[in-house]
1. Within the range A:243-254, can you find the residues that are surrounded by fewer than 24 Cβ atoms within 10 Å (Cβ to Cβ) and in contact with a Gly (Cβ under 7 Å, 6 or more places away or on another chain)?
2. Pairs needed: first member in the range A:12-30, assigned to a loop (DSSP other than H, G, I, E, B); second member anywhere, at pLDDT 95 or above; C-beta distance under 6 Å; at least 6 residues apart or different chains.
3. Would you please name the residue that is surrounded by the fewest Cβ atoms within 10 Å (Cβ to Cβ), looking only at residues in the range B:1-42 that are more than 24 Å from A:Leu209 (Cβ to Cβ) and of a type in the set (Asp, Glu)?
4. Could you tell me how many of the residues in the range A:166-196 are out of contact with any strand residue (DSSP E or B) (no Cβ under 8 Å at 6 or more places or on another chain) and either of a type in the set (Lys, Arg) or more than 12 Å from chain B (Cβ to nearest Cβ) (or both)?
5. Within the range B:19-27, can one find any residue that is at the interface with another protein chain (Cβ under 7 Å from one of its Cβ atoms) and either in a loop (DSSP other than H, G, I, E, B) or on the phi < 0 side of the Ramachandran plot (or both)?
6. Among the residues of the range A:544-564, is any touching a residue at least 12 places away in the same chain (Cβ under 8 Å), touching a Lys or Arg at 6+ places or on another chain (Cβ under 6 Å) and not hydrophobic (A, V, I, L, M, F, W, C)?
7. What do you reckon, is A:Glu312 modelled with pLDDT of 95 or more and surrounded by fewer than 20 Cβ atoms within 10 Å (Cβ to Cβ)?
8. Which residue out of A:Tyr229, A:Tyr233 is buried (at least 24 other Cβ atoms within 10 Å of the Cβ), in contact with a Pro (Cβ under 8 Å, 6 or more places away or on another chain) and assigned by TED's automatic domain parsing to the domain that holds A:Gly103?
Amino acid sequence: MQLDSKCPTGPIETRWERHQFNLKLVNPANKRKHTIIVVGSGLAGGAGAATLAELGYNVKCFCFQDSPRRAHSIAAQGGINAAKNYHNDGDSVFRLFYDTVKGGDFRARESNVYRLAQISLNIIDQCVGQGVPFAREYSGYLDNRSFGGAQVSRTFYARGQTGQQLLLGAYQALEKQIGRGQVTMFPRTEMLDLIVIDGRARGIVTRNLITGKIESHLADAVVLGTGGYGNVYYLSTNAKGCNATAIWRAHKRGALFANPCFTQIHPTCIPVSGEYQSKLTLMSESLRNDGRVWVPLKKGDKRPPGQIPAAERDYFLERKYPSFGNLVPRDVASRNAKQVCDEGRGVGETGLAVYLDFAESIERLGASVIKERYGNLFDMYERITGEDPYKVPMRIFPAIHYTMGGLWVDYNLMSNVPGLYVTGEANFSDHGANRLGASALMQGLADGYFVLPNTINDYLASTKLEKADTSHAAVKEAEANVNSITQKLLATKGTRSVDSYHRELGKIMWEYCGMARTAEGLKTALSQIPGLREQFWRDVKVLGTGEELNQSLEKAGRVADFLELAELLCLDALERNESCGGHFREEYQTPEGEAQRDDENYSYAAAWEFRGVGLRPELHKEPLTFEYVHPAQRSYK
Amino acid sequence: MRIILHIWRQRNATDQGRMTRYEVPNVSEHMSFLEMLDVLNEDLIAKNEEPVAFDHDCREGICGMCGCMVNGVAHGPLPGTTLCQLHMRHFKDGDELYLEPWRARAFPVVKDLVVDRTAFDRLIAAGGFISVSTGSAPDGNAMLVPKEKSELSMDAAACIGCGACVAMCPNASASLFMAAKIAHLALLPQGQPERERRVKAMVGQAGQELFGSCTNIGECEAVCPKEIKLEVIARMNRDFLKASWTGREE
């Protein structure tokens, strides 16, 4: 298979503009003859559905939650980047582009990233227009703050609820179109298969989560904006419902899965407190501006933090990275925390945590300043742990947060299956091997509001689609597939709950394919996962029926997919014999312990083709070339 | 510690429903309330009993999906806290808790603790938005917004649409939810062109749904996990009166 990224060539500044001009258009009268399916209602899906409807297309939008406003984009705290240069501090589209390519450790396409940086300007305008209450200065102008991985202030924010406010903007635009009848919304409905007719994506099979009814929906194109696959680790900062079922089942219908091993671990999360732990909560990265990270110098020092004198503390980030200190990027901070815990110097009951200490900042600035800056985060921390971070240091530990990998798409956001588009975190396109803070919201909205509505016209205008109805053999086959999975899960009547399998899978993944990976560990994971999957299908216990709201059944289908995806993730990690961004292979590091890329052999996107469960997928490589940003080793010393 | 739960079990919308007693031994004080329900459900599955259905997603207090009545109080005893952020250290050994779904005619029970809140979406669809076609907005700094107004607007915009306000209101009124959206948009210059049309459309839609009217009781404010203030209802009422008196039929 030849992977054609369809990236324009020539001067990077005008690539998107020239590309848009070359795309075919659909005239307004013809738009209403087309139906587009959008799965997912977050920033990418919701913004896309609203904009496509506004243009005149008929849109059917699906989400598994009870309302499109619940999508997990809502939980993003920090902010959204845009190269507005409102602060005259040297920012520009080119600098945002440069920071993003470098932050991604040179594993993203230059053309895509440049377009993202350009569109960042329009996103802020659009969101302000919708009434997103961004933070303001007393003058009434928009306020900005700085964020990890950048030296300029380009992050727009709405308190600690930026994701919520941006999502509500998109949701309200979507609801307007629902009110007009231009979008038909299907809440509590889950996509369980992709319908491919004559090689083109033509629809989806869904399950109504309340009645259990299996239905097919046909359209002229299908858009997946269904988010990432972080929950393959069981414990992550993702919402409990986040799942990979839509993208995984599309993958099994032929869509290539790219760079699955590029997963991001966030350094500042509240640590696990017990076996019952159901998810991990993120504490904004901004805390590292004023908090100092440390562990005791001595192994197994169980004294309370206040009784450990300064000389017996190891401020390990400040010691190892004197110029960036506590503000090193996410991947570096996470790996170092793991390392000190592996040495037996971790703190708290489990020994899997490090201190984030504000004592010195409180002394220097006063508690009131700290409260003003981080009050809501301190409250949240106290609510969850019962400890007062004004008095005792916070305990933090890294957790899975975001997945850079996803379905392979070209510059038009179309997968290798014609008519199947993938947007936001669900695709692999813009962040390379590591995503910078405040860039996920930017990408979701860029794809949804500005890229997809431009590129999808070209496909619809240049493709002659045969009429298809739900009696088509491909539809019947997809429905039969969905029904057989449901029946099998219900009929197994085994001994162990779905969650117990999910937890076990998560432990394997975190242990062998988490913050630091080795060939040996990955091989162990690859030998354990198929056995667990086989046991799952033989022994899973799902009570109830398929004709009602059955939350165990919903979870079972998702975990079944994670059990397959996990294997691909580990295989991709094993094949990539280098360290880059979130993918750290212990064998490939510099003498100082930093990630060592191998540009000669691995400067490509790895796009995997499904060959059957348990069979080795086929690897296709899309080479990456860098004309504007020259690959160099990232240094934060 | 040991917690005794009485949980509303209802198979589907037409089932009559009943309270069922359960015991959860070995509850850790560090568990969240929903983690305690997870433990109960794992236990029920082991005994071949169907787990309790409850809505939840982010478990960070922002998606608005979770919530039930705990001893008659929406989201339980801790102020400004969603059910998922409530931790068991606020309870003690031997506590008996009664869990019920949101009770409101506009929120029919789907199963156990799960209710249908799509009426909220229809309120937003009626007018809870600013119309701005993608790509048509001017530069973000072309329109200045005083910081004080922006902060007040953000206070109202913090609503997570969980429905606790409706569940707690003796009238099952959606006024706090609706008014939070109306106030959020009416406080901003961008929201002015559609201000009167919006308030009329949303209040009109609330009448179509099965929500009751507001009689200024204030239970909604007391249980709101985002601490939305009653003042948003005052803003809504003022806007609605003005729009009703001075508006023209379209």
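The values are calculated or read from the model by the stated rules, or taken from the named source; none is laboratory data. Being a predicted model, the structure only gives us computed values, none of them experimental. Every residue, glycine as well, gets a Cβ built from its backbone with ideal geometry; the counts of neighbours run over all protein chains shown.
1. Of everything in the range A:243-254, just one residue is surrounded by fewer than 24 Cβ atoms within 10 Å (Cβ to Cβ) and in contact with a Gly (Cβ under 7 Å, 6 or more places away or on another chain), namely A:Thr245.
2. Final answer for the pair search is A:Leu23/A:Asp458; A:Lys24/A:Asp458; A:Lys24/A:Ala461; A:Lys24/A:Ser462; A:Leu25/A:Asn457; A:Val26/A:Asn457; A:Val26/A:Leu460; A:Val26/A:Ala461.
3. B:Glu23
4. Residues that pass the stated criteria total 2.
5. no
6. Looking for residues that are touching a residue at least 12 places away in the same chain (Cβ under 8 Å), touching a Lys or Arg at 6+ places or on another chain (Cβ under 6 Å) and not hydrophobic (A, V, I, L, M, F, W, C), one finds none in the range A:544-564, hence no.
7. yes
8. A:Tyr229
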